Amino acid sequence: MRKLGAENKTARYAMLIDLDRCNGCGACMVACAVENNVPPPQPSATPRTGLNWLRVFRLNTGGRDAFIPVMCMQCGDETPCQSVCPQKAVEFDPATGIVGQIPERCLGCRYCMAACPYQARVFNWWDPQWPAGMEQALNPRVSARQRGTVEKCNFCHGRWQAALEKAAQDGESGPVRYTPACAEACPAQAIRFGDLNDEEFAAECRDSGAFRLLESLGTGPKVFYRTSRAEVREATRGFGEVKRG
Amino acid sequence: MKIDRRDVLSLAGGAAAGLAVSPLPWRLLGDTAIWSQNWHWMPRVPRGAIEEREARCTLCPSACPVKLRMTNGIVHGVAPNGGALCPAGFAAHHLAWHPLRLRECRRKDQAVPLEEALSSLRAAVAQRRGAVAVLDLAPGRASSLLHRRHMAALGGAYLMPPRIEGGTAHAVEALLEKRRALAADLASVKAVLSVSTPLLDGWAAPSSAVERGFRLIQAEPHRSRTAGLADEWLPVKPGSETALLLAVGHCWLKRPEMAQQLERLKGAEAWRQAAEAMPPQRAAELAGIEAARIEAAAADLLGHRPSLVLADGDPVGGPLSREARAAAAALNILLGAEGFRPVPPLPLPKDWTLAEAQSLEEAGDGSIGVLIIDEPWPGVSVPWQLVEKKLARGAVVAAVTWNRAQFARHAEWLIPAPVWLEAPLDAAQPHDAPRAQIAVAPAVMARPKDTISAAEATARLAGVEMTAADEFAALAQAAGSEAAQIGDNGFYWSSEAKGAAPAAARIAPEQWTAETWLRAAAPSAASPAVVAFGWRQAAVSPMLGKLWQESELREGPQQAVLHPDLLRRQGMEEGVLARLMSPRGAWPVRVRAAETRPDVIAVCGGPSLALACEVRPDGAWTLGEAKVVKS
Amino acid sequence: MIRTGILFLAGFSVALSAGWWSVPRLLYRTEPQPAQFSHIAHTGEKGGMSCEDCHSFRADGTFAGIPKLETCAACHSAPMGETQAEKDFIARFVEPGVEPEWKVYSRQPDNAWFPHSAHVLRGKVACEKCHGEIGKSDRLPVYRVHRFTGYPEDVMGKRAGPLGLKRAGGMRMDDCVACHRQNRIEHSCLDCHK
């Protein structure tokens, strides 16, 4: 198979998040929402029903605060949400390693939300509503959100598309390099984005200090974390028990 | 020919079958499904070329460089341009469409044309010449200089609200003999004792909060974000801050180098007596923490020089008491004020005369006949009680403001102001770095009609001919910059301080005695005590609700934080709606449980909460005897 | 029995023809273009221009689509030919500086992403492959837009349920998919959707 803009070469985009650097400011959450045309909270929205593609959780360490940004892990092996979707509205793209969510196909059954061990998926309960005029400030690179579908992080696919468009114009081939909104936003550069086919980046993700959430499930998540604080590492182990909302 | 029922059925059956093999029903079905992606109430994304432009976010003194992403003259993305941005920066362009945005000029509840408002105000100014004043809620901007110039022309006063950010620096300035503007030098200090100052949450530039090179000890009644991230959190009782600061001084008195330092100080006797009477054990009792932690904090500050003591207070909760600020200043002076550096003055065009900058508290009671309030961006406020008593009878109050909420009840006139990116607007001076700056954001978006910035409004009242942009350019020219034009990307000029830290000279207001200090050291008797706090940037965009309403990352406006035990004792559950009752009003709050002091209820508020605060005689703001009750 | 059959057939044929007749009329409405335009006058021997002369790429690789007024005005600040259409265009748009609001036959829905650079510059796909021979037309085609969805007919497609008709050229999703399948370059929905 050949990929648009990436002749005979594929990418496996991944993130490496340094929890020691994250100070839980939430810039990534806001930048993510603005980038992906996620509307501001509805008056009755709660942490359970809100629309966050990326959410930063406070970890219970007992000492100094630690935070963990959690987004779709873009699981590469037996992607749990993909295997349960009755609509084929979830797709794993072998060319980028990104798990795509197609709102036009999604019928809103939320089976995938139950299947996702990371609770990284959210249901869109409301038609997107913007304060009057603010809809003019939507990102042209991303479509408007729609009610009744499940949504999730797609590693800022709009930015990938923009990078591809530019690469085609410049006559460059191979997987494109780009930066998702959260990685660009992080004031501490705690979030790093790269390609696991890039040896240097892959080596850092393979480093003994790096880990993934619920690795034992064998879903092949592509978001890696790193921390030097034992209590933070310990607190992340309980992530599966943390209830969203 | 008779038509019977069978004929009708045949015809209808045929028609149904015919229709079924015609495309009509299927197209209707399919197209309706596609229609559902495209309901008319669904917003459409803009089309057209995406441009990038550089600018500065001027919504806080950090004046972070940003990249704007825009299409058809509308900004749809803000990203850092080297350096860092706070969460509000990413949604700062939303301010133009904020749901609370003031879009028309109003007198009470009536919409009036802007020109009518201005001529009315001009008439009022003419009538009460000399009693006109500007209350600048964001002092330290280049626009503030414009106000002062315009007030000089009018013979009016230029007033500043109580300083919160930079309040400790101000106290240090007051205690040094040579008064010079000082700013904390966060980039060079190695240890900071911060008392209820949100050092890592909006107080300092986002970049310095991230790459912090200092050990941070946070003394604060509730576990704020800064407290949570600090190396050490001292959960002191509200009101015991002065005791804590005196006890730190007590620990230092024993050290020979400090005894020497103290000898050089004049008028320090009262402070010394008070510090001597406040051993850590006594302060520990008053503050409700262990004495050893106070001793350790005192040792930390000496062990990691240069060090700094800050007691600025919270932007919504207000400044700490005058004594607490002075006590913090005294500690800084004992440290040789090494955490502060003088700030270079802003250059001025030669022919400008400025009205004196005066604090609102110093203005005479009942002296103001016409008050213009400048509220240029979200998150700035002042207790109305402070303003009210300065007004003469029948005074005219006009708020030049971006929003229609804050001063709606208090000002006769509400005049809509342009917001960031709609007009050349500038940031205030940093208080976390010894630097003078003029940071003017460019006007890249269409300015709504009938908006006028406060500096333009005072220029009109004073009959100054120059436009605000020209006045900015004159300032820039005076700064000796070649880029004196407010161009496509706005304008940025800054001058770093070169000088050394000011030498310690004089300490403590002479009229104070040891008793003054010690009286101030007693904590509040109320239990549970209600403390207010907030995040200035919270009001920039409703998108920021993602951080508290749609997640539990931080506390947001109208949320109260209680210890789980206290929550249980009050008969409330996590997440329920309660009421904050105070003598000055009642607000709905959602309660959250958190590891905080069990005798404290921390209420997170927006600027309107500060507006309702009472000002105690010692300068601190309070909600009075407030309670949080089940609703 | 025969009578029933005849009536059934009558109903059937009336409904069938009514269905076929009404679909385009019922579902699409015609909208006028702001001005008349002849591609051939520009691309033919007299004009000698190529598609890229007006329909250009921007620096970031995006496609500018229909040119803005300034592109037209660069040549047509004063009439170059004799036609009434040109004179009208200059009087109505160039002189007052009003941007004509062209209706775009190929305007894709908000959720679709079509990188011209990847197709035209890298893939060397000819413009005509999707847009047809519009470059040789003398008049603008009739612009028809779907009544509910607001999508142009060329994008919404004419495939009519089980009895679909396929258009030549094509800018419908099915056309994209068919071409990508043929060239074995399909991977995921997000290749083209946003």
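Annotations for the structure displayed:
- The range B:328-352 residues near the modelled B:Ser359 label - backbone nitrogen below 20 Å, point 7 Å along Cα→Cβ: B:328-334, B:337, B:340-343
- Here is the short version for chain A: A:Cys22, A:Cys25, A:Cys32, A:Cys75, A:Cys85, A:Cys106, A:Cys109, A:Cys116, A:Cys156, A:Cys186, A:Cys205 have no other Cys C-beta closer than 4.7 Å.
- Of the GluC sites (Glu not before Pro) found in the range A:37-143, the ones in coil according to DSSP and having at most 16 other Cβ atoms within 10 Å of their Cβ are A:Glu78.
- Interchain or long-range residues, amide H under 5 Å from B:Ser524's placed H: B:Gly239, B:Ser240
- Gyration tensor verdict on the range A:63-179 (Cα atoms; rounded if a/c is under 1.5, prolate if a/b is larger than b/c, oblate otherwise): rounded
- Anisotropy class of the range B:529-630 from Cα gyration tensor, a/c 1.5 cut: oblate
- Of the trypsin sites (Lys or Arg not before Pro) found in the range C:19-57, the ones in coil according to DSSP and having at most 11 other Cβ atoms within 10 Å of their Cβ are C:Lys46.
- Karplus-derived 3J(HN,Hα), 6.51/-1.76/1.60, for each residue of the range B:431-443, Hz, glycine and proline x: 10, 10, 8, x, 8, 9, 8, 10, 10, 10, 7, x, 8
- Shape descriptor for the range B:234-349: Rg over Rh equals 1.01 (Cα atoms; Rh from the Kirkwood inverse mean 1/r).
- Karplus (6.51, -1.76, 1.60) ³J(HN,Hα), θ = phi - 60°, over the range B:536-547, in Hz, Gly and Pro reported as x: 3, 6, 4, 8, 5, 8, x, 4, 5, x, 3, 7
- Close amide-amide hydrogen proximity is noted between B:Arg592 and B:Ala560, B:Val561, B:Leu562, B:Gly575, each under 5 Å apart and 5 or more residues distant or on a separate chain (H modeled in the peptide plane; Pro and chain starts excluded).
- Near the amide H of B:Asn403, within less than 5 Å, lie the amide hydrogens of B:Leu102, all on another chain or at least 5 residues away, with H placed in the peptide plane.
- Shape box of the protein assembly as shown [Cα atoms, principal axes, largest first, Å]: 119, 71, 66
- The relative contact order of chain B, computed from alpha carbon pairs under 8 Å that lie at least 6 residues apart in sequence, is 19 percent.
- For chain C, the gyration tensor built on C-alpha atoms gives an oblate shape. Its axis ratio a/c (a ≥ b ≥ c) is at least 1.5, and a/b is not larger than b/c.
- Helical content of chain C, expressed as a calculated mean residue ellipticity at 222 nm, amounts to -9500 deg cm²/dmol (DSSP H runs of 4 or more residues, -39,500 (n - 2.57) each, divided by residue number, nearest 500).
- Legend: mean number of C-beta atoms from other chains within 10 angstrom of residue C-beta atoms, peptide C:115-122, equals 6.
- Applying 1/(1 + (r/R0)^6) with r as the Cβ-Cβ distance of C:Ala91 and C:Lys136 and R0 = 30 angstrom yields a FRET efficiency of 0.65.
- Highest-first arrangement of A:161-171, B:615-625, A:25-35, C:131-141, where packing means the average Cβ count within 10 Å: A:25-35, A:161-171, B:615-625, C:131-141
- Distance between the range B:434-494 and the range B:10-30 - C-alpha centres, whole angstrom: 68
- Applied to the range C:93-107, the Karplus parametrisation 6.51 cos²θ - 1.76 cosθ + 1.60 on θ = phi - 60° returns per-residue 3J(HN,Hα) values of 10, 5, 5, x, x, 8, 6, x, 8, 5, 8, 9, 5, 10, 5 Hz, with x for Gly and Pro.
- Relative contact order for chain C, counting Cα pairs under 8 Å that sit 6 or more residues apart, in percent: 26
- Inter-chain Cβ neighbour average for residues A:142-150, partner chain, 10 Å: 4
- At R0 = 45 Å, FRET efficiency that the Cβ-Cβ distance of B:Ser367 and B:Lys254 yields, to 0.05: 0.40
- Over 21 Å apart at the Cα level, from the set B:Lys178/B:Lys498; A:Lys166/B:Lys67; C:Lys46/C:Lys103; A:Lys166/A:Lys222, are C:Lys46/C:Lys103; A:Lys166/A:Lys222.
- Calculated [222 nm] ellipticity per residue, helices only, for chain B: -8500 deg cm²/dmol; basis is -39500 (n - 2.57) per DSSP H run with n ≥ 4, divided by all residues, nearest 500.
Since every read-out is calculated from the coordinates, none of them should be taken as a lab result. Bear in mind that the values here come from a model prediction, so they are computed numbers and not experimental data. Using ideal geometry, Cβ is built from the backbone for each residue, glycine included, and neighbour counts are taken over all protein chains shown.
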